[in-house]
Amino acid sequence: MTSLRRLPTLIAFALALLPALLQPAVAKEPAAIPGTTVTLAPPDGFTPSTQFSGFENKESGASVLVIEFPPEAYDQIAPTLFGTLERARTEFAKRQIKVETRSEVDTPNGKIVLLKGEQVANGETYEKWMALFKGSKTVMLTVQAPEDAGLDDEQVVALIKSIKLGPAQSIAERVATLPYRIEAAEPFRVADILAGNTVLLVVGPQNVDPSGNMPILLVSPQLGGGPIGDKVEAAAEALLKGTVGLQEGKIEKRGPVTFAGAKGLSFEGSFEEKGLKKRFLQYLAVLPDGKFIRLLATAKADAFDGLRPAIEKTAASVALKAMP
C-alpha cells in the first residue's frame, strides 16, 4: 500500500505525463485492463496499452488512463480532490487543471463523482474528465480530449457506467505486467504499482507514512506525449519542478548517467518537506524512441548516503522488456 501522505504527489506524477488525445467513438465490449482491478468498454479503435494501465488509439495518440491506489486511500482522495467543487478547483489547480463542474453519476458501482474541466498542454487546450471509484483498490479514471474532438459528457458517462471492479492482484502479478524488469535491493521493497508502469519502492515494514520519514524510490517510463529528443536537461528540470514537494528543490550535482541501458542525466540535491530536511536523486534517460524513463529517490538527509548503494543497485537492475 502507498503512503497516504504521498498520494497527491503520485497522482500529480502520473497525470502530468499524459497529454492524451481522445476521439469520439462507439464503445466496444468490456475488456480487462492488465495489472488492475478494472474492466471497461473502451471507445472503438482503442487497444490495451503496453505502456500504461488503460487504452490508447495509436493513430491519434488518444488514451484512457486508470490509476489505482490502496483501498484506504479513498477516504483521503475523495474529500480532498472530489469532495466539493471548490475543493476540487483548488487542489487540481495545483496540477494545472481547471475544474469547471462536479456531478454525480449513478453506476453499478454506486454514485460516482465526475469532475469535468480543462488543461493546457503544449499550447493546446484539452477537455478533461476525472472519476473516482471505491473497490478492492481505489481507482481513478482520467479521460482527456482536445476541444474540437467532439467528445461529450454522454459518451464519458457511458464509459464510466461500463466499469466493473474485481479483486486486487498481488504485487508480484502487477510487477509482471510492467514494461520493464526491476529488482528491489534491500532495504527497498516494492509497495505499489501506479498507472501500470510506475513502481513505488519503500523502506521499512509500513506502507502508510504520516510522518514523512519513509524513503521512497519511483521508476516510470514516459506515459505519453512526444519524444523529448535532445532536450534532456530541460525535461529533467521540468519533471523535478513539477513533482509536488520538490518545486523548491535545489539541484546541487548534475552529470551523465546510464540508466535502463540508455544515456541520460543525473540530478542530485536537497529539499525540505514539512520541516524535514531531505535529499533527492533523479535519473532521466532517453530511450531509442526518443522518450524518457525516470527514477526518483528521496529520503531524509541523514539517511540518504546509507541508502545510496541500494538505490544504485536497484537502478542498475532496470531493463526494458522486449515488446511484441
- Message: Accessible area of the chain with a 1.4 Å probe: how many percent of it is carbon plus sulfur?
- Response: 53 percent
- Once you put a point 7 Å from the Cα of T84 and another 7 Å from the Cα of L276, both along the Cβ direction, what distance in nm separates them? 3.0 nm
- Task: For every helix of n ≥ 4 consecutive DSSP H residues, a contribution of -39,500 (n - 2.57) applies; sum these over the chain, divide by its total residues, and give [θ] at 222 nm rounded to the nearest 500 deg cm²/dmol.
- Result: -6000 deg cm²/dmol
- Query: Expressed in nm², what is the orientationally averaged projection area of the convex hull enclosing the Cα positions of the chain?
  - Reply: 15.3 nm²
- Query: A301 to E154: FRET efficiency via 1/(1 + (r/R0)^6), r the Cβ-Cβ distance, R0 51 Å, to the nearest 0.05?
  - Reply: 0.45
- Hey, what's the chain come to in accessible area per residue, 1.4 Å probe, Å²? 43 Å²
- Query: If you build a Gaussian network model of the chain, linking Cα atoms that sit under 10 Å apart, which residue out of R95, R279, R254 swings the most?
  - Reply: R254
- Using alpha carbon centroids, what distance separates the stretch 137-194 and the stretch 36-108, in Å? 9 Å
- Cα-Cα longer than 26 Å, checked against K98/K250; K98/K161; K58/K321; K277/K313; K116/K278, kept in input order, equals K98/K250; K116/K278
- Taking a crude spin-label model, label points 7 Å out from Cα along the C-beta direction, the S317 to N213 distance in nm is 2.5 nm
- Task: Please identify the longest segment of the chain free of exposed GluC sites (Glu not before Pro), where exposed means a DSSP state other than H, G, I, E or B and no more than 13 other Cβ atoms within 10 Å.
- Result: 60-182
- Task: Calculate, for D44 and E252, the FRET efficiency according to 1/(1 + (r/R0)^6) with r their C-beta to C-beta distance and R0 45 Å; round to the nearest 0.05.
- Result: 0.35
- Query: Which residue fluctuates the most in the chain, going by a Gaussian network model with Cα springs under 10 Å, if the choices are A121, A195, A41?
  - Reply: A121
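The values are calculated or read from the model by the stated rules, or taken from the named source; none is laboratory data. Fair warning: this is a prediction, and the values are worked out from it, not measured in the lab. Cβ: placed from backbone, ideal geometry, glycine included. Neighbour counts: every protein chain shown. Calculation scope for accessible area: heavy atoms of the full protein, side chains included, ligands and nucleic acids excluded. Shrake-Rupley method; radii C 1.70, N 1.55, O 1.52, S 1.80 Å.
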